[in-house]
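Working notes for the structure below.
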Amino acid sequence: MARPNPKEREKESEFIEKLVTIRRVAKVVKGGRRFSFSAVVVVGDGKGRVGYATGKAREVPDAVTKATQAAKRNLMRIPLKEGRTLHHDVNGRAGAGRVILRAAPAGTGIIAGGPMRAVFEVLGIHDVVSKSQGTNNPLNMVRATLDALSRMSSPRQIAAKRSKKVSEILGRREEAGEVANA
């Protein structure tokens, strides 16, 4: 078996991998049941990129390896505010699962349930408040969380869409705050 070259090993080590759940699934055949394992894995670089995938195999390590490789192929970039929290509050849906993600001030930490916490940790978010409603199915919670995160937009993206400057977008929010305080 050939050894991976140092560049490939270095590239793989830049990712944080979290195993969300493992399920034993059964296929009924003529002689009885055939068992295999399904794994859900979340992968991120801790700097705003995240991906998830499922893998299925007869053995647990094989299922985890398949899921990890697939997750690395399905990475998406999420804009983060100051590299630690969300730009704005956002909702997401997947199946019967609904999630609410809220930006939080520095020092709050990650207030989230298991599957959502895994997503935030690999993404590099340090301060967020979240609530999941509907289902507690780990796969749907991960999908709903990533759906919400995919709806996230930074002030730079909004300014580009509106053909304005970032200072114009952010300046209006500050002016509104001053008027409310007066």
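Per-peptide packing, taken as the mean over residues of other Cβ atoms within 10 Å, places 45-51, 139-145, 124-130 in the sequence 139-145, 124-130, 45-51 from highest down.
Using Cβ point charges alone (K and R +1, D and E -1), the dipole size of the chain about the Cα centre works out to roughly 960 debye. With a threshold of 18 Å on the Cα-Cα distance, the over-threshold entries among LYS18/LYS47; LYS18/LYS56; LYS47/LYS161; LYS47/LYS81; LYS47/LYS72; LYS30/LYS56 are LYS47/LYS161; LYS30/LYS56. The candidate values are (1) 77, 44, 32; (2) 56, 44, 33; (3) 55, 40, 31; the one derived from this structure for Cα extents along the principal axes in Å carries the label (1). What's the longest uninterrupted piece of the chain once you rule out the GluC sites (Glu not before Pro) that are loop residues per DSSP with at most 11 other Cβ within 10 Å? Result, exposed sites excluded: 83-182.
Hydrodynamic radius of region 6-76 by the Kirkwood approach over all distinct alpha-carbon pairs: 12.9 Å.
In terms of overall dimensions, region 113-172 has a Cα radius of gyration and Dmax of 15.1, 42 angstrom. At a temperature of 4 °C and a viscosity of 1.567 mPa s, determine how fast region 80-181 diffuses translationally according to Stokes-Einstein, using the Kirkwood radius over alpha-carbon pairs as Rh; express D in µm²/s, rounded to the nearest whole number. Using the Kirkwood radius from Cα pairs, D works out to 89 µm²/s.
A short reminder: the numbers here are calculations on the coordinates, not readings from a lab. A quick note: this is a predicted structure, and the numbers were derived from the prediction, not measured. Ideal geometry is used to build each Cβ from the backbone, glycine not excepted, and the neighbour counts take in all protein chains shown.
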